[in-house]
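Visitor: Please read through the structure below; I'll follow up with questions.
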Amino acid sequence: MAECPVCGADVELENDAVQGELIPCAECGSELEVLETSPPQLGEAPAAEEDWGE
């Protein structure tokens, strides 16, 4: 379990979660990034940037 940095809800991580994986928060719908797996730590996922086909 880890805590959502946006709403504070408990977010369950899969046993095979890896650093950098993106997961949604079931409570607020925010997209979160796994920062650490032991101990579990989440952060807000960076906003996707447009590449305009570059």
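Visitor: Every residue in segment 32-43 that is among the acidic types (Asp, Glu) and either more than 8 Å from the chain's Cα centre (by Cα) or at pLDDT below 95 (or both), please.
Guide: The one that is among the acidic types (Asp, Glu) and either more than 8 Å from the chain's Cα centre (by Cα) or at pLDDT below 95 (or both): 36.
Visitor: Kindly indicate the residue of segment 9-20 that is among the acidic types (Asp, Glu) and at pLDDT below 95 and also surrounded by the fewest Cβ atoms within 10 Å (Cβ to Cβ) among those meeting that condition.
Guide: Among those that are among the acidic types (Asp, Glu) and at pLDDT below 95, it is 16.
Visitor: Does any residue in segment 6-17 that is polar (S, T, N, Q) come within less than 6 Å, Cβ to Cβ, of a residue that is surrounded by 10 or more Cβ atoms within 10 Å (Cβ to Cβ) and part of a loop (DSSP other than H, G, I, E, B) six or more places away or on a different chain, and which pairs are these?
Guide: none
The values are calculated or read from the model by the stated rules, or taken from the named source; none is laboratory data. Computed from a predicted model, the values in this text were never measured in an experiment. When we count neighbours, we look across all protein chains shown, and the Cβ atoms used for this are built from the backbone with ideal geometry, even at glycine.
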